[in-house]
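The values are calculated or read from the model by the stated rules, or taken from the named source; none is laboratory data. The structure presented is a predicted model; accordingly, all values stated were derived computationally and were not measured. Cβ: placed from backbone, ideal geometry, glycine included. Neighbour counts: every protein chain shown.
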Amino acid sequence: MRRENTVCLETPASRLVLAKRGGVWTFAHLGAKGGDPAELAALAAARPYACNHLAAGTAETYPAFGSSRGQNGFSLGDARGALQARHADGDVSVDWETRSCDFSPARGGAPAEVAIVYADRAHPSFTATQHFAAHADCDVFETWVELRHEEEGPVALSRMDSFCLETAGLGDRFHLLSLSGQWASEANVAEDELLRGREVVLGARSGVHDSWENAPFFMLSVGPAPAREESGTVLAGALCWSGVWEMRFRHEWSHELRVSAGAANLSGPYVLEPGRTLALPKFVFSWSERGKGAASRALHAWARRHLMPHGGAPRPVVLNSWEGVKFDLSEKRLVAMMDGARALGAECFVVDDGWFGRGAFARNDAGHGLGDWTHDPEKFPGGLAPLAKEAEKRGLRLGLWFEPEMADVESELLQSHPDWAMQEPGRPRRLQRGGGQVVLDLPNPAVRDAVFRAIDAAVRAVPGLSYVKLDSNAEIANFGSPWLGPERQGNLWFDFTAGLCEILARLRAAHPDVAFQSCASGGGRADFGSLAFADEFWASDNTGAQQRVLVQWGWSQFLPACAMAAHVTASPNRHTRRASSLKYRFDVAFSGRLGIELRPEELSEGEIAYARRRVAEYKRLRPVMQGGDLYRLASPYEGDHAALLFVAPDRRRAVVTVCGLSRKASDGRLAPLKLPGLDPNARYRMREIDLALPGEAQDTHTVFSGKTFSGAALAAAGIPFDLGPGDDSFVLELAAVRS
């Protein structure tokens, strides 16, 4: 809705109101629906500010350093975020005025959108076009910015955020939830109060593994205590970017809240040439007054419906070769694994690292052949087409592993083009994984073309190839692009990621039916920037079931279950050295996209029969877990188990997974599992599935398995259950029945 000086965008449960003040647009309201937008804008404009002039602002939608609208006549934009620019004439200020504001209502599934064009008063050819969009089918807003100028020389951008929220009316206490970690310990949940007068900065510095140390998501609870799963007020946000990034959260002494997020530059300003438009990463956010769970479900729905290429399609059960055989590949060995995959009920067999390179550059270890995307004739004399035929005979799809942005020094690619790798002038090259891996100079269009052509040709050479795993196992450790030249080295970080996105977009366009997985030494690329091109992500290289309970809980705060690859691996686990039952490993993997990563021939006949039965159950329930709404019932951070509820879109079916974490026999009774999200008027029959392997004790975890209750009763009273000591677990199916 657009009026002369207000714009109102609405989602099913929330509203964003922008108001024009002093020649620019400002944030007037973000929250629940209610009230006239003009009145909301008037009330927001009347809020008093404290005498700290450096902190006070006007809540501009895209504030910039040097604006003349601060309370004392100017604004230090670096304290508030968004944009800092040095113009061609040396001027370091930006002072916006509105050139236009266009509103487009929602039509035919397209979101309602507003586009605001700002121009600098002193440099009118320098413009920012800011977009906001609201999705009517989920509680998510999108925003993005495009920068452009026609000045006589380049403009240097030392800060170029995608989003900057300034508001003084949300509250006086805030708690910030974020995800942090490292390799094999991703997505740890941390939550702390955002103290008055303090600023918290989160970011990533790798250029490649940019959801490891911090992930580009947050939830900000408004109120004296953190929001709960199904109660409390939350602002959730995510930056759709897979490169270096930064988020800032500042709670001013006057209780203004400032939140900014955007791509970061680690080695100098970004140089924007005249006549070029720079599209900054998209930022998405959701407002919830029904707790963190509602915010998560909104982001999950948005990702499935509006971001992921095949977000609504069922994800196949995958068997991956890596943990089973590593680099020790041959056609005979892989065909034997395919037989095992078929016996287990898998639908896709993925040949991981080691299938490519030749001669001295054969990929027999991590130091050779990377970047040479043609099959190894020693391992596969007839190419990979015979392997594809063997997969087809067994009713399997075939997948391949690639690492598009890296190469080994010991490769035909870099022997022929040594200048195609990142390199600092006059400095020795830093080598990584395998003692020879480096990052390619993706800002160079010739490198991007070569990478695309090589992977495209490899995919086309395998008939029926339907799955591609895209990995990355090195940091940007050589901080120079031979192609960018000395004046534009600050562009390296942004242009590298933009170059990778271009390659991925071209691959998606060339192979629209191929499924892509985003992997970066585990969960290094678990973000919405990757999922714009990929169908799923690898949650962690740590496949230990106990650790995966925590990892998957963390990612579930923001990322949908259909995109989270969760594999059953061998026991004891090769990372954690901990043993766990096959049942426990399957129960943990049920809460993501189920896969298998072991040598099937090492399983007993009883284990194969059990695994086949569990895979069949997963396929039957897959629409619920992959396409339903997720409710987190019990947190592993607050107790000794995790419990999740998945509810189908029509609310006729639901699945509960409960996984213990080294629970002690003396820990006492557990609180019943209250089940929100069900139809209160429907009656559900409960059934615990696949109790144990043949010959093992068939203990049930709830005496109500096989009984029928109303959705209202299950939400109000919950299901009493028992959980044994150690790593005990169970899965419960609920199906609506006719009364």
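Quick notes on this structure:
- Residue within the range 716-735 that is part of a loop (DSSP other than H, G, I, E, B), aromatic (F, W, Y) and touching a residue at least 24 places away in the same chain (Cβ under 8 Å) present: yes
- Any hit, the range 140-159, residues being in contact with a Gly (Cβ under 8 Å, 6 or more places away or on another chain) and under 20 Å from G237 (Cα atoms): yes
- Residue match in the range 215-222 (condition: buried (at least 24 other Cβ atoms within 10 Å of the Cβ), among the hydroxyl-bearing types (S, T, Y) and either in contact (Cβ under 8 Å) with a residue 60 or more places away in the chain or under 20 Å from G554 (Cα atoms) (or both)): yes
- At least 1 residues being surrounded by 20 or more Cβ atoms within 10 Å (Cβ to Cβ) and touching a Ser or Thr at 6+ places or on another chain (Cβ under 8 Å) is the threshold, and among the helices (runs of 4 or more DSSP H) wholly inside the range 316-418 those reaching it are 331-344.
- Residue count, the range 721-739 (criterion: modelled with pLDDT of 95 or more and either surrounded by fewer than 14 Cβ atoms within 10 Å (Cβ to Cβ) or among the β-branched types (V, I, T) (or both)): 2
- Filter pass, E536 being of a type in the set (D, E), surrounded by fewer than 22 Cβ atoms within 10 Å (Cβ to Cβ) and touching a helix residue (DSSP H, G or I) at 6+ places or on another chain (Cβ under 7 Å): no
- Condition met for E331 (of a type in the set (D, E) and more than 20 Å from the chain's Cα centre (by Cα)): yes
- Residue selected from the range 138-180 under the condition without any contact (Cβ under 8 Å) to a residue 60 or more places away in the chain and under 25 Å from the mean Cα position of the chain (by Cα), by the criterion farthest from E199 (Cα to Cα): S180
- The residues in the range 338-389 that are among the aromatic types (F, W, Y) and under 30 Å from the mean Cα position of the chain (by Cα) can be counted, and the count is 4.
- Check on A366, at negative phi and in contact with a Gly (Cβ under 7 Å, 6 or more places away or on another chain): yes
- Among the residues of the range 243-256, not a single one is hydroxyl-bearing (S, T, Y), assigned to a strand (DSSP E or B) and assigned by TED's automatic domain parsing to the domain that holds A295.
- Some residue of the range 508-518 being aliphatic (A, V, I, L, M), under 18 Å from G627 (Cα atoms) and not in a helix (DSSP H, G or I): yes
- Those residues of the range 289-303 which are within 15 Å of the chain's Cα centre (by Cα) and either of a type in the set (A, V, I, L, M, F, W, C) or not assigned by TED's automatic domain parsing to the domain that holds R15 (or both), in sequence order: A295, A298, L299, A301, W302, A303
- Answer residue from the range 659-709, given it is among the polar types (S, T, N, Q) and within 22 Å of L582 (Cα to Cα) and is surrounded by the fewest Cβ atoms within 10 Å (Cβ to Cβ) among those: Q698
- Flag for S254 being closer than 30 Å to A85 by Cβ and of a type in the set (S, T, Y): yes
- Within the range 669-682, not a single residue is within 19 Å of W553 (Cα to Cα), at pLDDT below 95 and assigned to a strand (DSSP E or B).
- Of all residues in the range 635-647 being in contact with a strand residue (DSSP E or B) (Cβ under 8 Å, 6 or more places away or on another chain) and surrounded by fewer than 21 Cβ atoms within 10 Å (Cβ to Cβ), the one that is nearest to G293 (Cα to Cα): S635
- Residues of the range 457-490 that turn out to be in contact with a Leu (Cβ under 6 Å, 6 or more places away or on another chain) and among the polar types (S, T, N, Q), as a count: 1
- Verdict on A526 being modelled with pLDDT of 95 or more, closer than 21 Å to F283 by Cα and part of a loop (DSSP other than H, G, I, E, B): yes
- Segments classed as strands (runs of 3 or more DSSP E), wholly inside the range 1-93, with at least 2 members that are under 29 Å from A112 (Cα atoms) and modelled with pLDDT of 90 or more: 6-10, 14-21, 24-32
- Scanning the range 160-180 for residues that are among the charged types (D, E, K, R) and either surrounded by fewer than 19 Cβ atoms within 10 Å (Cβ to Cβ) or at pLDDT 95 or above (or both) turns up D161, D172, R173.
- Annotation: of all residues in the range 545-602 being under 12 Å from D727 (Cα atoms) and small (G, A, S), the one that is surrounded by the fewest Cβ atoms within 10 Å (Cβ to Cβ) is A579.
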